Amino acid sequence: MKPLFISMRPKQWSKNLFVFAGIIFSQSLLDLRLLLLSIFAFILFCLLSSSVYLFNDVMDYKEDSKHPTKSKRPIASGALSRTVALAFAAIFAVVGLVLSFLLSIEFGFAAASYAGLMFFYSLFLKKAMIVDVLAISAGFVLRAAAGAVAIDVHISSWLLICTGLLALFLGLSKRRHELVILEEEVSQHRVALSGYSPRVLDQMISVVTASTVMAYALYTVSAETVAKFGTRLLGLTIPFVLYGIFRYLYLVHIKGEGGSPERSLLHDRPLLIDIFLWVVTAGLILYLK
């Protein structure tokens, strides 16, 4: 069971926290019923994403076995049978989707769209340059949208745009890290990577970085946001977003990190402090009247 649990990648379940964007920015976090629904939606997405991770590792086991770090994964190393992994991937997918539709029809379609996109990504999309990171970005947008649908609240289009751009930023940074550590062996591990170069990725990251900051800044000061929250103070959180992105760029370019965004987000102390300060500041602005 241990190799199975490791292959479910519990550390990457943090990506599913985007499900809570809807309840946080709808100022409904203190509503116990909606909070329980959001937690249930989060659990279902953890189940579905684990199914995708198992399926993806089975599809990539040959390439992963040659990778300096991915070769240690249970499926690539042989610690977990591919047959067992596929069986549990199917079980998790079926259970996750059935429970998603029981939660609500709308949430079920959102969850099914996410699962379908990710399985299609594992089979085809990850082999196409640029399309691979766009698909990952779309997966994060579907998480955020599904979280709002689960509790039947409106989520701002600006917030979905910010989510997609941030995911794109992290995805491109991850591709850059993989390209640097694999060097000339890149084509043996991921087909799409051979179409990238550090210079091209740096330019893409620059464009997405500026777009992310601008989209978030516009969201905080937009008339829709001010009318919804009854305050212009949300703009005070912009410095934390700027610092967080700049700090992550520092980790990617100077420290050589970025291959595992969740590891960087959970282990870099300055970044953790920055996220904590953003949460506290945004929470006070949104919930303290």
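The values are calculated or read from the model by the stated rules, or taken from the named source; none is laboratory data. On a predicted model such as this, the values are computed, not experimentally measured, just so you know. Neighbour counts run over all protein chains shown; Cβ positions are idealised from the backbone, glycine included. Only protein heavy atoms, including side chains, enter the accessible area calculation; ligands, DNA and RNA are left aside. Shrake-Rupley method; radii C 1.70, N 1.55, O 1.52, S 1.80 Å.
Per the listing 51, 28, the residue uniquely open to solvent by less than 40 Å² (accessible area, probe 1.4 Å) and outside any helix (DSSP H, G or I) is 28. Candidates in the range 204-225 are the residues that are out of contact with any helix residue (DSSP H, G or I) (no Cβ under 8 Å at 6 or more places or on another chain) and of a type in the set (A, V, I, L, M, F, W, C); of these, the one that is surrounded by the most Cβ atoms within 10 Å (Cβ to Cβ) is 207.
Annotation note: of 185, 178, the sole residue that is open to solvent by 40 Å² or more (accessible area, probe 1.4 Å), among the charged types (D, E, K, R) and modelled with pLDDT under 85 is 185. Residues that are within 14 Å of residue 282 (Cβ to Cβ) and either hydroxyl-bearing (Ser, Thr, Tyr) or at pLDDT 90 or above (or both) within the range 218-231 comprise 219, 220, 225, 231, listed in sequence order.
Residues being among the aliphatic types (A, V, I, L, M), within 30 Å of residue 198 (Cβ to Cβ) and surrounded by fewer than 15 Cβ atoms within 10 Å (Cβ to Cβ): count how many of those fall in the range 81-127. Step through it out loud before you land on a result.
Initial filter on the range 81-127 (among the aliphatic types (A, V, I, L, M)): 84-87, 89-91, 93-95, 97-99, 102-103, 105, 110-112, 115, 117-118, 123, 125.
With within 30 Å of residue 198 (Cβ to Cβ) added as a condition, the list becomes 117-118, 123, 125.
Narrowing the set further to residues that are surrounded by fewer than 15 Cβ atoms within 10 Å (Cβ to Cβ) leaves 123.
Number satisfying all stated conditions: 1.
Within the range 148-168, being modelled with pLDDT under 90, in a helix (DSSP H, G or I) and open to solvent by 60 Å² or more (accessible area, probe 1.4 Å) holds for 157, 158.
Within this structure, residue 80 passes the test of being assigned to a loop (DSSP other than H, G, I, E, B) and closer than 21 Å to residue 123 by Cβ.
Yes/no per residue for (1) within 18 Å of the chain's Cα centre (by Cα); (2) outside the structural domain of residue 173 (by the TED database); (3) part of a helix (DSSP H, G or I); (4) closer than 18 Å to residue 172 by Cα:
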{"position": "204", "(1), (2), (3), (4)": "no, no, yes, yes"}
{"position": "210", "(1), (2), (3), (4)": "no, no, yes, yes"}
{"position": "217", "(1), (2), (3), (4)": "no, no, yes, no"}
{"position": "220", "(1), (2), (3), (4)": "no, no, yes, no"}
{"position": "227", "(1), (2), (3), (4)": "no, no, yes, no"}
{"position": "237", "(1), (2), (3), (4)": "no, no, yes, no"}
{"position": "244", "(1), (2), (3), (4)": "yes, no, yes, yes"}
{"position": "274", "(1), (2), (3), (4)": "no, no, yes, no"}
{"position": "281", "(1), (2), (3), (4)": "no, no, yes, no"}
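Taken residue by residue, the range 110-128 has no member that is outside any helix (DSSP H, G or I) and in contact with a Phe, Trp or Tyr (Cβ under 8 Å, 6 or more places away or on another chain).
When the range 108-148 is filtered for residues that are over 18 Å from the mean Cα position of the chain (by Cα) and touching a residue at least 12 places away in the same chain (Cβ under 8 Å), the ones remaining, listed by number, are 123, 127, 128, 129.
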